Amino acid sequence: DTEVTQTPKHLVMGMTNKKSLKCEQHMGHRAMYWYKQKAKKPPELMFVYSYEKLSINESVPSRFSPECPNSSLLNLHLHALQPEDSALYLCASSVTGSDYYGYTFGSGTRLTVV
Amino acid sequence: AQSVTQLGSHVSVSEGALVLLRCNYSSSVPPYLFWYVQYPNQGLQLLLKYTSAATLVKGINGFEAEFKKSETSFHLTKPSAHMSDAAEYFCAVKTSYDKVIFGPGTSLSVIP
């Protein structure tokens with residue numbers, strides 16, 4: 001299995017809703033990442049997990065809450081989002097946080113906040 | 001701080017013509033550089049990477065890139081463009097803090 005699987009593929013949520021994005025990989029990678037990508041822009045790093053511990057938080061608002069329950073699974077909990085949070089949310093993984101092999105990306109969750 | 005720039009937000013080539021996408025990096029230490037491709041409504045896919053083993057790096061789908069320290073460049077090339085190459089291309093650098101930072105991207109169009 002050489003894939004990163006993200007669910008759901010599309011999500012529409014109201015500003016008072018609570019929802020979660022899920023990311024799963026079975027490649028034995030020990031680093032996992034959340035990126036946010038707005039239209040026509042490059043991905044922007046949000047969080048990095050290394051060996052199931054949060055190692056980097058790029059000053060992301062607390063309405064985004066990451067969780068890494070085990071080495072294969074990464075969640076992003078969403079609460080009280082704003083319309084400007086609408087974007088493509090990408091999950092990625094790598095062998096370790098300090099390797100140079102590159103990342104494997106999922107296909108993303110397209111989030112619309114109404 | 002380490003960063004990458006990509007000259008040309010949009011490049012158009014004819015089918016069968018040479019593809020050249022430009023990337024320049026800024027780094028005080030030997031960089032680790034990557035090219036990723038993103039097709040519409042998809043995630044990013046690694047095309048190739050430079051990790052100091054060789055200056056000419058071959059990747060998937062016929063792409064290659066040459067690391068030139070004197071020019072601080074890592075340009076992506078493909079001898080003959082195919083319609084399926086139309087996509088967004090991102091150059092990226094791994095920073096000393098184990099972050100991967102992406103350039104602004106270049107949108108490649110292939111004209112039949």
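For A:Val12, the residues whose amide H sits under 5 Å from its own are A:Thr112, ignoring neighbours fewer than 5 places away on the same chain, with H placed 1.01 Å from N. The alpha carbons of the range B:12-74 stretch over 35, 26, 19 Å along the principal axes, in descending order. Between the range A:91-108 and the range B:1-67, what's the alpha-carbon centroid distance in Å? That distance is 17 Å. Across peptide B:60-71, the mean count of Cβ atoms from other chains lying within 10 Å of each residue's own Cβ comes to 0.
Once the mean of 1/r is taken over each pair of separate Cα atoms and inverted, the range B:39-90 shows a Kirkwood hydrodynamic radius of 12.2 Å.
In order along the range A:17-30, the phi-based Karplus estimate (6.51 cos²θ - 1.76 cosθ + 1.60, θ = phi - 60°) of 3J(HN,Hα) comes to 6, 10, 9, 9, 9, 10, 9, 9, 9, 10, 9, x, 5, 10 Hz; Gly and Pro are listed as x.
When the Gaussian network model of chain A links Cα atoms closer than 10 Å, the mean-square fluctuations of A:Glu24, A:Glu84, A:Glu44 top out at A:Glu84.
Scalar couplings 3J(HN,Hα) for the range B:58-64, obtained by applying the Karplus form with A = 6.51, B = -1.76, C = 1.60 to θ = phi - 60°, are 9, x, 7, 6, x, 7, 8 Hz; x denotes Gly and Pro.
The order of the peptides B:53-60, B:33-40 by mean Cβ neighbours within 10 Å, most packed first, is B:33-40, B:53-60. Computed from the C-alpha gyration tensor, the three semi-axes of the ellipsoid equivalent to the protein assembly as shown are 30, 20, 15 Å, from longest to shortest. By other beta-carbon atoms within 10 Å, ranking A:His10, A:His79 with the fewest at the front produces A:His10, A:His79.
Looking only at B:Asn41, B:Asn24, B:Asn61, which one moves most when chain B is put into a Gaussian network model with springs between Cα atoms under 10 Å? Per the Cα network of chain B with a 10 Å cutoff, B:Asn41 tops the list. Along the range A:61-66 the Karplus relation, 6.51 cos²θ - 1.76 cosθ + 1.60 evaluated at θ = phi - 60°, assigns HN-Hα couplings of x, 5, 5, 9, 10, x Hz to successive residues, with x for each Gly and Pro. Compactness ratio for chain B: Cα radius of gyration over 2.2 N^0.38 Å (N = residue count) comes to 1.01. With pairing defined as another cysteine C-beta under 4.7 Å, the cysteines of chain A that fail it are A:Cys68. Once you've got the GNM for chain A with C-alpha springs shorter than 10 Å, pick whichever of A:Ser94, A:Ser62, A:Ser71 has the biggest mean-square fluctuation. Looking only at A:Ser94, A:Ser62, A:Ser71, the biggest GNM fluctuation is shown by A:Ser62. According to the Kirkwood expression over distinct Cα-Cα pairs, how big is the hydrodynamic radius of chain A, in Å? Here the Kirkwood hydrodynamic radius works out to 14.0 Å. Among the residues of A:92-100, the average count of other protein chain beta-carbon atoms within 10 Å of the residue beta-carbon is 3. P(r) for the range A:62-113, from all Cα pairs and a bin width of 5 Å, is 5, 16, 22, 23, 17, 10, 5, 1 %, short bins first. Taking the DSSP beta bridges with both ends in chain A, the antiparallel portion is around 90 percent. The amide H of A:Ser55, built 1.01 Å from its N in the peptide plane, has A:Val48, A:Tyr49, A:Ser50 as neighbours under 5 Å, considering only residues 5 or more places off or on other chains. Inter-chain neighbour count for B:41-53: the average number of beta-carbon atoms from partner chains within 10 Å of each residue's beta-carbon is 5.
Only the coordinates and a few stated rules stand behind these numbers; no lab work does. Owing to the predicted nature of the structure, the values given are computational and were not obtained by experimental measurement. Glycine gets a Cβ as well: all are built from the backbone with ideal geometry, and neighbour counts include every protein chain shown.
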